[in-house]
1. With semi-axes √(5λ) of the Cα gyration tensor in Å as the read-out, I listed (1) 62, 16, 13; (2) 37, 19, 14; (3) 25, 20, 14; which label goes with the value calculated from this structure?
2. Among PRO88, PRO107, PRO58, which one shows the highest mean-square fluctuation when the chain is modelled as a Gaussian network with alpha-carbon springs under 10 Å?
3. Which net charge results when you count Lys and Arg as +1 and Asp and Glu as -1 among the other residues whose beta-carbon is under 10 Å from that of LEU9?
4. Using only Cα atoms, find the angle between the long axis of helix 112-158 and the longest principal axis of the chain, and express it within 0 to 90 degrees, rounded to the nearest 10.
5. Springs between alpha-carbon pairs under 10 angstrom, Gaussian network model over the chain: which of LEU182, LEU118, LEU100 fluctuates most?
6. Which Cα, out of LEU168, GLN119, TYR84, lies furthest along the positive dipole direction of the chain (beta carbon charges, K/R +1, D/E -1)?
Amino acid sequence: LTRMAARLLGAPTSLISLVTDERQFFKSTTGLPEPWATRRNAPLSFSFCSTVASTGEPLVVEDARRHPLLRHSQALRELGWVSYAGVPLIDREGHVLGSLCVVDRMPRLWSERDIALLQDIAASTVSEIELRQAIAQRSQAELGRRDNEEQLYNTFEQAGAGMALISLDGRWIRVNRALSELLGSPADEIIGFPAEA
């Protein structure tokens, strides 16, 4: 998505930044120089994106050197970021997660079409983030379910008292080791046969 944003808007750099109170994390980047590309995070003093995240509104800057909030930014001094167009990443609950932005090292007039394209890509970005969260939650729930089943199975098998599961028609479904020993038959010879009272 960052590559698409950079290509569509003809910008050398594009970022998906997730912003917290302490820092920004680059979830995806195109054209970000080292060491930032490897580090994948930066302090908020480098962040134009934190302005987008704090307001929940697009930030469009033709020349950061003339912008009252950004002209002293470390990103301007150290990375040479002069023009910036960023839109917020807002989830279904209305939380601003960060921003999708494009950056150029030269002054640039961003069009309404540019911002509309960024907003469309931002919507896709949020959908992807939410989809990945849902998949991770399902995987975690499945893992928890498997752990619970395994724990229940182990408790059943290791119990000192004889235990069994019997079907509605009165047949053995499962017997534990203690019951198998009590009945004097291996479990596989008992399962499927009628349980006698």
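Please treat every number below as a calculation from the coordinates, not as lab data. Since this is a predicted model, take the numbers as computed values, not measurements. With ideal geometry, Cβ positions are generated from the backbone for all residues, glycine too; neighbour counts draw on all protein chains shown.
1. Checking each listed value against the structure points to (1).
2. So, out of PRO88, PRO107, PRO58, the one fluctuating most is PRO107.
3. Working: positive: ARG7, ARG108, ARG113; negative: ASP104, ASP114.
The answer is +1.
4. Once rounded, one gets 20 degrees.
5. LEU182
6. The residue sitting farthest along the positive end of the dipole is TYR84.
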